[in-house]
Amino acid sequence: MDPETRELRALEAEVAALQRECSMLSKPWEKTSGARKSFQKFPQSDSEGWKSWRDLKSQLAHLKSEVSFLSKLTGINIRNYSKTEDITNNEVTEKDTKKILQRHRLSGNCSMVTFQLEFQVLEIETKEKSSSVITDLSIIMEPTEYSELSEFASRAEEKRDLLMFFRSLHFFVEWYEYRKNTFKHFKEKYPDSVHLSEGTCSHCMEIHSARQPGFELVIVWRIQIDEEGKVFPKLDLLTKVPERALELDKNRVIETAPLSFRRLLGVLGIEAALDSLIKLLCVEND
């Protein structure tokens, strides 16, 4: 039996099991359960919908293409997923209330960051309405050297906010890739002046002066995530200069360099500001 056929038969078995489960529920739920009404829209036999295996295979291919599209759009790939449910009907204290506790486990990656999530969702259905809430969330991410991500994961667990987790992870990776490509660009453009102690994945870029030995500038580029999950870059300038140069700097140019750099960032943007700084410090006069 080929893999596609096995997958299709597994889906058919799952649909049949759900149909049996619905048939065993008490009659009041037939009128009040939104989930059941949605489920009853599924075809009950081949004559009602699934005319052949081809229809099911076509639907499966469509779902796979949608998952692939979302993965390419967000950069988030889900490799493994499982779900279990506990159904509880409490007719004594909460009459006609149906509670479903779902336990989810999934693992995947977003570029270089891998993650494992475990979370519980409690669904409550009554005659009037239905609601759901995440009651527990656990996040494990690797590699662990990204301190910003570790702190953010702890906040996401406290807030039990899955949407914020995936959204912020996506933008963190985008900024990480942009920083890496920017550092790589300047290392290739100014190989003798730009130094990356940890390679292109470093969060620091050292600029050595070609005209004044011992005079260095260090760009510290961090990616921060605030309390609401917003991701943004934070660039700072550090100076490493000989003591004699500080004594001769009567106009305090070196002392005020970090503040001037922030202003330059606001006017020119990241790449143009870095390029101007490197040219000012390192390009020798003809």
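The values are calculated or read from the model by the stated rules, or taken from the named source; none is laboratory data. Since the model is a prediction, treat every value here as computed from it, not as a measurement. For neighbour counting, all protein chains shown are included, and Cβ atoms are generated from backbone atoms with ideal geometry for every residue, glycine included. Note: accessible area is taken over every heavy atom of the protein model, side chains too, but ligands, DNA and RNA are not part of it. Shrake-Rupley method; radii C 1.70, N 1.55, O 1.52, S 1.80 Å.
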Q: Report yes if Arg79 is part of a strand (DSSP E or B), open to solvent by 90 Å² or more (accessible area, probe 1.4 Å) and either at pLDDT 90 or above or aliphatic (A, V, I, L, M) (or both), otherwise no.
A: no
Q: For Lys31, work out the one condition from (1) among the charged types (D, E, K, R); (2) over 36 Å from the mean Cα position of the chain (by Cα); (3) at pLDDT 85 or above it doesn't fulfil.
A: (3)
Q.
Among the residues of segment 142-167, what is the count of those that are open to solvent by less than 80 Å² (accessible area, probe 1.4 Å) and either modelled with pLDDT of 95 or more or farther than 21 Å from Pro233 by Cα (or both)?
A. 3
Q) Looking at segment 131-146, is at least one residue farther than 27 Å from Val218 by Cα, of a type in the set (Phe, Trp, Tyr) and out of contact with any His (no Cβ under 7 Å at 6 or more places or on another chain)? A) no
Q: Examine segment 125-132 for a residue that is at pLDDT below 90, buried (at least 17 other Cβ atoms within 10 Å of the Cβ) and in a strand (DSSP E or B), and state whether such a residue exists.
A: yes
Q. In segment 183-236, how many residues are free of Cβ contacts under 8 Å to residues at least 60 places away in the same chain, aromatic (Phe, Trp, Tyr) and in contact with an Asp or Glu (Cβ under 9 Å, 6 or more places away or on another chain)?
A. 2
